[in-house]
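The values are calculated or read from the model by the stated rules, or taken from the named source; none is laboratory data. Quick caveat, the model's predicted, so the values are computed rather than measured. Cβ coordinates were reconstructed from backbone atoms using ideal geometry, including for glycine residues, and neighbour counts include every protein chain displayed.
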């Protein structure tokens, strides 16, 4: 083969783009951690929303003095996976046995480290891209299992299991974790009118307080043996919430249950909330909110408030220093939205 042919072959490349949604978890957070599931069942009620993580990858041609090109909030030019500073990218490439000639780009609709499962969404999306880049189709269940493996065993993060399932499958789901290690993703059957009612009562605000979920969760996991009663109540609230949605009860009952759940969740660890978060939440209640919660592990990120539409203007006014984020539920999950060979 001539040098010209070698060069032409080298410039052939794939461009693959993945879109993976972030999620809002309403009830059950904390019952999806391994120490709890060793003895008890867990359950989470969550939905993905129309805010996404985008990951693209392609074959990186050998014309440069580096073999791996990575772009996220930083730019990394590396010659081996060991040189990569981004832990999720490094470990995903190791997991997939990709060591060179790869370009990866990451962008997002919302900031990371904010309680919407964006870290897991990124791992799910990147693995989805890398499998597609190898010409492999992978099921959502396999994608979840590989993402959990990478996060728990390769990156060694203190994370649960709900985010990977929510982001990969998409939709409004009951995610049931059985202590025999099986997991059921069950779409919650709700009328379109009821879904609209629920969406019309939700307000999402970014507190502008970043945090690393793994650090916050560490104490919560340590406290699981002495949090059994609270976690059992949190688990039961998942099914109470589904009953409310599937009944003729006022949708405001859902908001009241959110409030009770948030009060319980704060007892699981001293790091879940703080004085600033408590003041924000109280300000929302005083402005007319029925309930709400800090999303994700806690300590910062996004604040979800539940209120009747007539109270929204006042609540937004009270939270004028925060960033209001309008959103809708979505049901696509992780998808390859572009593939060019």
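Yes or no: residue 129 touching a strand residue (DSSP E or B) at 6+ places or on another chain (Cβ under 6 Å), under 27 Å from residue 237 (Cα atoms) and part of a helix (DSSP H, G or I)?
no
When you look at residue 110, is it assigned by TED's automatic domain parsing to the domain that holds residue 56, touching a helix residue (DSSP H, G or I) at 6+ places or on another chain (Cβ under 8 Å) and touching a residue at least 60 places away in the same chain (Cβ under 8 Å), yes or no?
Working: assigned by TED's automatic domain parsing to the domain that holds residue 56: yes; touching a helix residue (DSSP H, G or I) at 6+ places or on another chain (Cβ under 8 Å): yes; touching a residue at least 60 places away in the same chain (Cβ under 8 Å): yes.
Answer is yes for this residue.
I'd like the full set of residues that are more than 13 Å from the chain's Cα centre (by Cα) and under 19 Å from residue 150 (Cβ atoms), limited to the range 106-122.
Passing the criteria: only 106.
Out of the residues in the range 132-163 that are under 14 Å from the mean Cα position of the chain (by Cα) and in a helix (DSSP H, G or I), which is surrounded by the fewest Cβ atoms within 10 Å (Cβ to Cβ)?
Here the answer is 148.
Report those strands (runs of 3 or more DSSP E) wholly inside the range 251-341 carrying at least 2 residues which are surrounded by fewer than 18 Cβ atoms within 10 Å (Cβ to Cβ) and at pLDDT 90 or above.
Of the strands (runs of 3 or more DSSP E) lying wholly inside the range 251-341, those with at least 2 residues that are surrounded by fewer than 18 Cβ atoms within 10 Å (Cβ to Cβ) and at pLDDT 90 or above span 335-340.
Can you find a residue in the range 198-209 that is in contact with a helix residue (DSSP H, G or I) (Cβ under 7 Å, 6 or more places away or on another chain), in a loop (DSSP other than H, G, I, E, B), under 30 Å from residue 152 (Cβ atoms) and not assigned by TED's automatic domain parsing to the domain that holds residue 287?
no
Which is farther than 22 Å from residue 115 by Cβ and out of contact with any strand residue (DSSP E or B) (no Cβ under 9 Å at 6 or more places or on another chain), of 282, 243?
243
Could you tell me how many of the residues in the range 166-196 are in contact with a helix residue (DSSP H, G or I) (Cβ under 9 Å, 6 or more places away or on another chain), part of a helix (DSSP H, G or I) and closer than 30 Å to residue 289 by Cα?
Residues in the range 166-196 being in contact with a helix residue (DSSP H, G or I) (Cβ under 9 Å, 6 or more places away or on another chain), part of a helix (DSSP H, G or I) and closer than 30 Å to residue 289 by Cα: 4 in total.
For the range 165-193, how many residues meet the condition of being in contact (Cβ under 8 Å) with a residue 40 or more places away in the chain, surrounded by fewer than 18 Cβ atoms within 10 Å (Cβ to Cβ), closer than 19 Å to residue 50 by Cα and out of contact with any strand residue (DSSP E or B) (no Cβ under 6 Å at 6 or more places or on another chain)?
Total satisfying the criteria: 1.
Specify the residue that is nearest to residue 198 (Cα to Cα); the eligible residues are those in the range 241-250 that are surrounded by 17 or more Cβ atoms within 10 Å (Cβ to Cβ) and touching a residue at least 40 places away in the same chain (Cβ under 8 Å).
So the residue we want is 245.
Is at least one residue of the range 227-243 assigned to a strand (DSSP E or B), touching a helix residue (DSSP H, G or I) at 6+ places or on another chain (Cβ under 8 Å), at pLDDT 95 or above and over 16 Å from residue 30 (Cα atoms)?
no
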